[in-house]
Amino acid sequence: MSAFLYGITLQWKLDIRNKGVLLTYYIVPLVFFAFMGGIFTSINPVARDTLIQSMTVFGVTMGAILGAPTPLVELYGSEIKKAYKVGGIPLWAASINNFISAFIHLFIMSLVIFFISPLAFGAKTPINLIHYFLSLTIFIMASLMVGTILGLYIKSLSKLTMISQFIFLPSIMLSGIMFPVSMLPKVLEDIGKVFPATWGFKLMTSRGFSVKLLIPLVTIMFISICINVYKLSKIRLE
């Protein structure tokens, strides 16, 4: 157990020192929040009602899709994984450590947005805090599962950048955080339902837990877990 906790702590510290990961976990999401928060609330005062949720969805999606896969590509796409085998460390441990470390980073970033939004922009705090933070937890986990798929299957950072952007941009534009999804054509609205960001935003802005909103996120997590387990089993045999 102590070795497991040490691995998580070590990964957390490595993420802090990794400039690329640090940018996607904290700097870019919080700069976007500081810049766009004022614009959103100035153009549409009603945006204060969902500002916390929309900015959190942006930050979590960026961190999970653009940031979290990076350490995995650097490990599984290089000779570093051989050191794990020589040391008798299971390769899945790196994936779990990265997942937990990324979760902690993104939760901290979300807390910063949660506490600063009401003070800086007069954003409305969610009434049911238990529901909000449970929804946030589920959303972060689902997003990181998708990010883990990218980290396990993509072998180079250059390819990761392109493919991650291909997922990140539609996630943001079709999720409803920039404008209501009702304004989109039906085809694009349906495409948006594939991404965790859409369901995470709906779940966090709902008044209570809805099975219809929870099932898609749970389904995304389950499918992602199956894909990740399959890939890790193949990596172990390589």
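The values are calculated or read from the model by the stated rules, or taken from the named source; none is laboratory data. These numbers come from a predicted model, not from an experiment. Because the Cβ atoms are built from the backbone with ideal geometry, glycine has one as well, and the counts that use them run over all protein chains shown.
Residues that are out of contact with any Gly (no Cβ under 6 Å at 6 or more places or on another chain), surrounded by 14 or more Cβ atoms within 10 Å (Cβ to Cβ), under 29 Å from Tyr76 (Cβ atoms) and β-branched (Val, Ile, Thr): does the stretch 202-213 have at least one?
no
Out of all the residues in the stretch 109-116, is one or more closer than 18 Å to Ile177 by Cα, touching a Phe, Trp or Tyr at 6+ places or on another chain (Cβ under 8 Å), among the small types (Gly, Ala, Ser) and modelled with pLDDT of 95 or more?
No, the stretch 109-116 contains no residue that is closer than 18 Å to Ile177 by Cα, touching a Phe, Trp or Tyr at 6+ places or on another chain (Cβ under 8 Å), among the small types (Gly, Ala, Ser) and modelled with pLDDT of 95 or more.
Restricting attention to the stretch 144-157, which residues are touching a Gly at 6+ places or on another chain (Cβ under 7 Å) and of a type in the set (Ser, Thr, Tyr)?
Ser156
Scan the stretch 196-238 for residues that are among the small types (Gly, Ala, Ser) and over 16 Å from the mean Cα position of the chain (by Cα) and jot them down. Break it down stepwise before answering.
Taking the stretch 196-238 as the starting set, the residues that turn out to be among the small types (Gly, Ala, Ser) are 197, 200, 206, 208, 210, 224, 233.
Within the stretch 196-238, Ser206, Gly208, Ser210, Ser233 qualify.
Going by the structure shown, is Ile223 of a type in the set (A, V, I, L, M, F, W, C), at pLDDT 90 or above and loosely packed, with under 15 Cβ neighbours inside 10 Å?
Judged against the criteria, Ile223 is a match.
Among the residues that make up the stretch 78-97, is at least one of them modelled with pLDDT of 85 or more, closer than 26 Å to Ser206 by Cβ, surrounded by 18 or more Cβ atoms within 10 Å (Cβ to Cβ) and not acidic (Asp, Glu)?
No, the stretch 78-97 contains no residue that is modelled with pLDDT of 85 or more, closer than 26 Å to Ser206 by Cβ, surrounded by 18 or more Cβ atoms within 10 Å (Cβ to Cβ) and not acidic (Asp, Glu).
Of all residues in the stretch 114-153 being buried (at least 24 other Cβ atoms within 10 Å of the Cβ) and hydroxyl-bearing (Ser, Thr, Tyr), which is nearest to the chain's Cα centre (by Cα)?
Ser143
Looking only at the stretch 136-194, how many residues end up being hydroxyl-bearing (Ser, Thr, Tyr) and farther than 28 Å from Ile39 by Cβ? I'd like the intermediate steps shown before the answer.
Step one: of the stretch 136-194, the residues hydroxyl-bearing (Ser, Thr, Tyr) are 137, 143, 148, 153, 156, 158, 161, 164, 171, 175, 182.
Subset that is farther than 28 Å from Ile39 by Cβ: 137, 148, 153, 156, 158.
Residues flagged as hydroxyl-bearing (Ser, Thr, Tyr) and farther than 28 Å from Ile39 by Cβ within the stretch 136-194 amount to 5.
Just one of (1) under 14 Å from Asn97 (Cβ atoms); (2) at pLDDT 70 or above trips up Arg17, so point out which.
(1)
Considering only residues of the stretch 155-201 that are surrounded by 21 or more Cβ atoms within 10 Å (Cβ to Cβ) and not in a helix (DSSP H, G or I), which is modelled with the highest pLDDT?
The selected residue is Phe195.
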